[in-house]
1. Using only the alpha-carbon atoms of segment 1-41, report the extent along each of the three principal axes, biggest first, to the nearest angstrom.
2. Explain nothing, just the number: dipole magnitude of segment 1-41 about its Cα centre with +1 on each Lys and Arg Cβ and -1 on each Asp and Glu Cβ, in debye rounded to the nearest 20.
3. Report ³J(HN,Hα) in whole Hz for each residue of segment 21-26, in order, from the Karplus equation J = 6.51 cos²θ - 1.76 cosθ + 1.60 where θ = phi - 60°; Gly and Pro get x.
4. How far is it, in nm, from the label point at His76 to the one at Asp21 when both lie 7 Å from their Cα along the line to the Cβ?
5. Once amide H atoms are built 1.01 Å from N in the peptide plane, which residues 5 or more positions from Asp52, or in another chain, come under 5 Å H to H?
Amino acid sequence: MKLQWQVTDFVDVVIHSYRFDFGLTRGDPTLSDLEERLAQKPLMEVPAITIDGPQDPLKPEGRADHSSMFKARHEHTSSIAGTTCRGKRLMTSQMT
């Protein structure tokens, strides 16, 4: 597994991702069918744990309200990268 800083286009990918999230650029046209399906917001049908970072610029209030998007068991927690979550130490590279 390559670390983020070893991937040559990492910065370009991150910048494009944020521009897309803020509606400033279009997505990949080859993924339009998938995006249309996801726009319907189907329920997640597998057990999941979601982790919020308290400094998320896209949703600073967190995502705890997303529990209605899960059909199966869902657990939500908040953690700063490099701290603990559910008793285990998280490293930045594990959160990608």
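1. 35, 24, 18
2. My answer is approximately 120 debye.
3. 4, 8, x, 9, 8, 8
4. Here the answer is 1.7 nm between the modelled labels.
5. Thr77, Ser78, Ser79
Where a number appears in this text, it was derived from the coordinates with a stated rule and is not lab data. Remember, predicted model here, so these are calculated numbers, not experimental data. Here the Cβ is made from the backbone with ideal geometry for all residues, glycine too, and neighbour counts use every protein chain on show.
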